[in-house]
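K.L.:
Questions regarding the structure given below will be posed in turn.
The values are calculated or read from the model by the stated rules, or taken from the named source; none is laboratory data. These figures come from a predicted structure and were not determined experimentally. So basically every Cβ, Gly included, is an ideal-geometry build from the backbone, and we count neighbours across all protein chains shown.
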Amino acid sequence: MSSEDAHRSVEIAARVERRWATIAVIIVVGMALLAAFAGIHRATMPQPRVEITDPSRIHLSGEFVESNLGSVLEANGNVTVRAIGQQYSFTPACIVVPADTPITLRATSADVVHGILIQGTNVNTMLVPGYVSEQLMRFTRTGDYLMPCQEFCSFGHEGMWGKVKVIDKTDFANRAKAGGRLSCVGQ
Amino acid sequence: MLANRKLILAHFWLAFAVFGFALTLGAWQMFIRSPIGTWLSNPELYYRSLTAHGTVMGYVFPTLVAMGFGYAISESALEQRLVGVRWAWAGFWLIVAGSIMAMVPIALGRASVLYTFYPPLIGNVFYYLGVVLVVVGSWIWVALMSVNLRVWRKAHPGAPVPLAMFANVAGSYLWAWTAVGAALELLLQIIPVAAGLKNTIDAGLARVFFSWTLHAIVYFWLMPTYIAYYTIVPRAIGGRVYSDSMARISFILFLVVAMPIGMHHTFADPQVGAGFKFVHSAFTALVALPTLLTVFTICASIEIAARLRGGRGMFGWTRALPWDNPMMLALAFSFVMLGFGGAGGLINMSYQLDASIHNTQWITGHFHLIFGGAIVIMYFAIAYDLWPHLTGRELIDIRLIRTQLWLWFIGMIVTTFPWHWVGILGMPRRMAYFDFGDPAIAPQALSVTFSAIGGFILLTSGIMFIVVLARGMRAPLVDAGPYRFAIAVHQPTTVPVALNTHALWVALMIVLTLTNYGYPILTLATTEGTSVPAVYVGAQ
Amino acid sequence: MSAHDLFTLGNRHFRIGVGVTAAILIVTAITGFIVLPFAQPWVQFANVWDAICSAAGVPQRAANVTAPEQSKRLSEVVLTSRTLSRPSQEAIGRGATLAQRCAICHGPTGISRADSPNLAGQYAAVIYKELHDFRSGARTNAVMSPFAVNLTDPEIADLSNYYAYLPRLPAYHPTPQLPKPNIVIYGAPMRGIAPCGACHGSLDNKTGSPWLEGQSEAYMKAQLQAFASGERRNDISQQMRNIARAMTPQEIEAAAAYYASQPSDVVKAVD
């Protein structure tokens, strides 16, 4: 190979390389844009705020006292669910929510790190003691869902499974008339 | 020139011995929580085993491989005796001491907190101190790599640093900086609590610190594999590196963007702001870039090998590749697993898709496929390639080697594909047993059984690997010649200083870490009332 | 070019490297901190600064929410791993004096001859919490409540430390040891029941959960039933009601009978 040939082949190699690098960059940028787009249009974004709370005192005052845990129908027709994770159960152990309704899940941990995962949905959040987790959800299908703890929380972790029951919207509204916080515990 | 063979062999043997141990635990775990196992009457044993498996596979095994391989690269690529051999041995023994110190409390069930620590759960203090010692031992290696390169530069002013060494040092710097996150978590947060000096801890801050380490550590594990892709495979199959500068750019990109992306592990966490989650998500997308570049360069490099061997046609050249060469086989398997694993990684990268699989078995499947599959199979290939040069003896069991690689590949696919699938079904991670008798999760039973079978295929392959190496210690003597690395099609005579040194990129790495981690860490560390009471495990 | 010029604008690699990185950082930061917060119609921000601070994760105290009134008194005890960790000899001595009035039911050595709980060697946090709950009315018992109502905070701490200090002795009416029922070994994962030992000492101890070995069968059964029915509700945030409610009557009986049949010394003492 003469030096001129060598020079030309270096140039060709560099050009092919640049072309491929451009394609790679386009792929990467495309993916990032897709993620941003999906976040806005499918309403799946990380919780907007960081809120703190004292895990060893949540049962004394504030929004996670026992009488406030469960589902409540808000004035605007949305539903708020408040729950806690603790070694080794969720309270309420069975969460009841209506179908086709915007729901805000607010939850925290009373002791160690736990996680809430509702199987068959993309509802999935960590419960870190000291911080409040918030997640928006909406169920289109009524029925029972499993809600295991998805983070190691010590030796009883394998037994930490909760449930979610999605019921008809009108059923839920009827039950909500009695006031208080709803759950499907013991049903 | 491999002058300190004993040092390198010691690292490799220790690495593969602990690997065999942790692999056995892993196979047992797969079995015991599957429908073919019986439920453990003491679930703590599962978490104990999981802690040991993770600690060894995450901290000890890949670190030792990177170190041993790093010493080999330094001596053979620079053609210069290792400077600071005594320090190297000190680092090795620190790792031995740290591993033992960590393993004793784990074995006694006093530190079943998993290798990711999970404060406010707190285990025995010696577990954490042991991990710190392992990291400190590896930092000695980082310093030695830097020193050796400096010594070589003095002797060869302005000369291009051999690619293997350039990448090796990049990997060592990446590790030095990425380990800082976990080190801060251990030294500032966990160890004071485990030692009883404090009894509260900020669990959210700890998770942020750990995410600093947790993602880039994967790229540290990946470094030896990528070095093998670029500098061993083309030579072993008779090809050339397509582009030396592209290789350098890939390693530089890893150095810069592997670090400031760790918060994609905390997408579902309540203590990290949504803005930082987005920034980390975008940078995570960037990290696909060096891999895409690598895939191109390596494919081009093996195409060169194929054409040199007479391959023709658009794709026909693939038939001309030396498929019976273990290195070729390992590379092909590694690429297939990297492809699937990388595609999975792109899913984890976006907040929206991650939400459906976060902390499910999908994630375990994902990193086993990438690390246990794509990365570790190249560790095997590296060992096979280096062994004759280290022992002065020939590896004669080529057929066994091929079978071993095939089994590892098949085992990894059989293990991780069903694993991904049950993850999509919502099966959570790290549970000692599952009630597959319940109709709600009964459909997962078959997949989990397949995974468990895959685990035993992997164990078989792992045993075969160790047998091959052990037999290699007693095989007939052979003169393997000097250990060489692949050369580029256009071997550079001069390299721009930015592509020949690391300073600029290390600086960028540190600056990006500060921009992407500085504020979240600072604000959590200074906010009152975020520390929560520690929960000591096994405290009866 | 020498290494000295690496960090100057004259170096193309420096310009490109730093420039591209900074550009990506700025674009993603603007998107993440300003564009995306306002692109979510379901979240309201007061102004741009509020949006940026929220996206950056400035911790805020959770908003005050008025919860419905509790219909019954619940436990107001705050329990952490710090609760009563290091007792002094004096505290134990004071506790011993106070404990004389407990001996009628709980036995002079802390081992009950009736169906009251054995307290010798019980975790300090358990006695501390139950005494506080009896005093506040979160837990009621015709015999126990009047004893607790006049105790002061230091007296409760002393009593807890004293009983925790006592050695675990065999139960007064030992019964033949029964095999471990499945509900105790494995719990029932899909019903949300972890193995009993994960909290009650044999695997791990959740602060405030007692060890149960050698306690009265009738007592444990009654407590499980009371938790299941909601009659007893001093377990913080329903941690025990969640479990007891999911247990079948047969499982309650089996668990109570099993624990009653176990020698109490199998559980290691508190360090």
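K.L.:
Give just the number: which of (1) within 18 Å of the chain's Cα centre (by Cα); (2) surrounded by fewer than 16 Cβ atoms within 10 Å (Cβ to Cβ); (3) within 9 Å of chain C (Cβ to nearest Cβ) does A:Arg57 not satisfy?
P.N.:
Here A:Arg57 meets the rest and fails (1).
K.L.:
Is it the case that some residue within the stretch C:10-23 is outside any helix (DSSP H, G or I) and more than 14 Å from B:Ala282 (Cα to Cα)?
P.N.:
Checking the stretch C:10-23: at least one residue is outside any helix (DSSP H, G or I) and more than 14 Å from B:Ala282 (Cα to Cα).
K.L.:
Across the stretch B:404-429, which residue is surrounded by the fewest Cβ atoms within 10 Å (Cβ to Cβ) among those that are part of a helix (DSSP H, G or I) and within 14 Å of chain A (Cβ to nearest Cβ)?
P.N.:
Here the residue is B:Ile424.
K.L.:
Given the structure, is C:Asp265 under 24 Å from C:Thr109 (Cα atoms), more than 19 Å from the chain's Cα centre (by Cα), charged (D, E, K, R) and at pLDDT below 90?
P.N.:
In short, yes.
K.L.:
For a quick check of your reading of the model, give me the residue pairs whose first member lies in the stretch C:132-145 and is within 15 Å of C:Ile236 (Cα to Cα), whose second is outside any loop (DSSP other than H, G, I, E, B) and of a type in the set (S, T, N, Q), with beta-carbon atoms closer than 7 Å and at least 6 apart or on different chains.
P.N.:
Listed pairs, sorted by first residue: C:Phe134/C:Ser145.
K.L.:
Quick one: A:Gln86 ticks every box in (1) without any contact (Cβ under 8 Å) to a residue 40 or more places away in the chain; (2) more than 20 Å from C:Pro189 (Cβ to Cβ) except a single one, so which number is it?
P.N.:
(2)
K.L.:
If you take the residues of the stretch B:276-293 that are among the β-branched types (Val, Ile, Thr) and buried (at least 24 other Cβ atoms within 10 Å of the Cβ), which of them is nearest to the other protein chains (Cβ to nearest Cβ)?
P.N.:
Start the filter on the stretch B:276-293 by keeping residues that are among the β-branched types (Val, Ile, Thr), which leaves B:279, B:284, B:287, B:291.
Keeping just the survivors that are buried (at least 24 other Cβ atoms within 10 Å of the Cβ) gives B:279, B:284, B:287.
Numbers: B:Val279: 5, B:Thr284: 9, B:Val287: 9 Å.
The qualifying residue nearest to the other protein chains (Cβ to nearest Cβ) is B:Val279.
K.L.:
Next question. Check off (1) at pLDDT below 90; (2) in contact with a strand residue (DSSP E or B) (Cβ under 6 Å, 6 or more places away or on another chain) for C:His173 and give me the number that stays unchecked.
P.N.:
(2)
K.L.:
Check off (1) at the interface with chain A (Cβ under 10 Å from one of its Cβ atoms); (2) not in a loop (DSSP other than H, G, I, E, B) for C:Ala222 and give me the number that stays unchecked.
P.N.:
(1)
K.L.:
Still on this structure: Quick one: count up the residues across the stretch C:53-78 that are under 26 Å from C:Thr140 (Cα atoms), at the interface with another protein chain (Cβ under 7 Å from one of its Cβ atoms) and hydrophobic (A, V, I, L, M, F, W, C).
P.N.:
Here the count works out to 3.
K.L.:
For the stretch B:241-268, give me each residue that is of a type outside the set (A, V, I, L, M, F, W, C), more than 10 Å from chain C (Cβ to nearest Cβ) and touching a Ser or Thr at 6+ places or on another chain (Cβ under 8 Å).
P.N.:
B:Tyr242, B:Ser243, B:Ser250, B:Gly262, B:His264, B:His265, B:Thr266
K.L.:
Still on this structure, please answer the following. Looking for whichever is touching a strand residue (DSSP E or B) at 6+ places or on another chain (Cβ under 7 Å) and over 30 Å from C:Leu36 (Cβ atoms) here; the options are B:Ser301, B:Ser334. Which one fits?
P.N.:
Only one candidate passes the filter, namely B:Ser301.
K.L.:
Filter the stretch A:160-182 down to the residues that are within 16 Å of A:Leu146 (Cβ to Cβ) and either modelled with pLDDT under 95 or of a type in the set (Phe, Trp, Tyr) (or both) and list them by number.
P.N.:
Hit for the stretch A:160-182 is A:Trp161, nothing else.
K.L.:
Still on this structure: Being in a loop (DSSP other than H, G, I, E, B) and more than 22 Å from C:Asn234 (Cα to Cα) is true for just one of C:Ala99, C:Ala114. Which residue is that?
P.N.:
On inspection, the qualifying residue turns out to be C:Ala114.
K.L.:
Would you confirm whether any residue within the stretch C:120-136 is surrounded by 14 or more Cβ atoms within 10 Å (Cβ to Cβ), part of a loop (DSSP other than H, G, I, E, B) and β-branched (Val, Ile, Thr)?
P.N.:
Checking the stretch C:120-136: not a single residue is surrounded by 14 or more Cβ atoms within 10 Å (Cβ to Cβ), part of a loop (DSSP other than H, G, I, E, B) and β-branched (Val, Ile, Thr).
K.L.:
Given (1) of a type outside the set (Asp, Glu); (2) within 11 Å of another protein chain (Cβ to nearest Cβ); (3) touching a Gly at 6+ places or on another chain (Cβ under 9 Å); (4) not in a helix (DSSP H, G or I), identify the lone condition not met by B:Ala480.
P.N.:
(2)
K.L.:
Confirm whether B:Leu514 is without any contact (Cβ under 8 Å) to a residue 12 or more places away in the chain, more than 7 Å from chain C (Cβ to nearest Cβ) and farther than 30 Å from B:Ala300 by Cα.
P.N.:
Values: without any contact (Cβ under 8 Å) to a residue 12 or more places away in the chain: yes; more than 7 Å from chain C (Cβ to nearest Cβ): yes; farther than 30 Å from B:Ala300 by Cα: yes.
Considered against the rule, which asks whether it is without any contact (Cβ under 8 Å) to a residue 12 or more places away in the chain, more than 7 Å from chain C (Cβ to nearest Cβ) and farther than 30 Å from B:Ala300 by Cα, B:Leu514 comes out as yes.
K.L.:
Just to be sure, is A:Ile84 crowded, with 24+ Cβ neighbours inside 10 Å, more than 10 Å from chain C (Cβ to nearest Cβ), within 14 Å of A:Ile116 (Cβ to Cβ) and among the hydrophobic types (A, V, I, L, M, F, W, C)?
P.N.:
Considered against the rule, which asks whether it is crowded, with 24+ Cβ neighbours inside 10 Å, more than 10 Å from chain C (Cβ to nearest Cβ), within 14 Å of A:Ile116 (Cβ to Cβ) and among the hydrophobic types (A, V, I, L, M, F, W, C), A:Ile84 comes out as no.
K.L.:
Can you list the strands (runs of 3 or more DSSP E) found entirely within the stretch A:91-155 that contain at least 2 residues being crowded, with 22+ Cβ neighbours inside 10 Å, facing chain B (nearest Cβ under 7 Å) and not hydrophobic (A, V, I, L, M, F, W, C)?
P.N.:
A:124-127, A:131-137
K.L.:
Could you list, in sequence order, the residues of the stretch A:166-187 that are away from chain C (no Cβ under 14 Å) and either surrounded by 18 or more Cβ atoms within 10 Å (Cβ to Cβ) or part of a strand (DSSP E or B) (or both)?
P.N.:
Residues satisfying the conditions are A:Val166, A:Ile167, A:Phe172.
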